[in-house]
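Here is the structure we will look at, set down as structure tokens.
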Amino acid sequence: MTMWLAALLLAGADAPAMVVIDEADTVREEAPPHGAIGLSTAYRISDRVPAPRSFEFRKRALHVGAAIGVHPIDHDEIYYVLSGTGVVHSDGDEKALKAGMAAWLYKGAKVGIRQTGDEPLVLIIAYPNKVPE
């Protein structure tokens, strides 16, 4: 059984029919993860979903000069740009991103993203959770 299927089956066992979350109820100002480089506005949307949950879904606005530092990942991860510009890093390769672009990052890579330009870089970040054993 794949990790995704197992997580979905596990999550469905005691899950409600749905959970509706207003991002305004999840917002907080904090340093970005993996290095605390600058400041960001974090919308920890999936934190409002009862456990267990099969994936994380977050929104983060990296303020001017901020970055999620380079770090190893043990799952696939997606950075989707809502607005602003940035540079995504994966295993030494870097690519510019702008609104409407997504970076699909693969398990085992060392990844990060930094804001560029005059406006905050606003991202959706999504990745699977580990299935509890």
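Helix content alone sets the calculated 222 nm mean residue ellipticity of the chain: runs of n ≥ 4 DSSP H residues at -39500 (n - 2.57) each, divided across all residues, give -2500 deg cm²/dmol.
Note on ALA31 and LYS107: the model spin-label points, each 7 Å out from Cα along the C-beta direction, lie 3.1 nm apart.
Taking a sphere under 11 Å around the Cβ of SER90 and counting the other residues whose Cβ falls inside, with K and R at +1 and D and E at -1, yields a net charge of -2.
Scoring 44-50, 26-32, 92-98 by mean Cβ neighbours within 10 Å over their residues and listing the highest first yields 44-50, 26-32, 92-98.
No value in this document is a laboratory result; all are computed from the given coordinates. All values derive from a computational prediction rather than experimental measurement. Because the Cβ atoms are built from the backbone with ideal geometry, glycine has one as well, and the counts that use them run over all protein chains shown.
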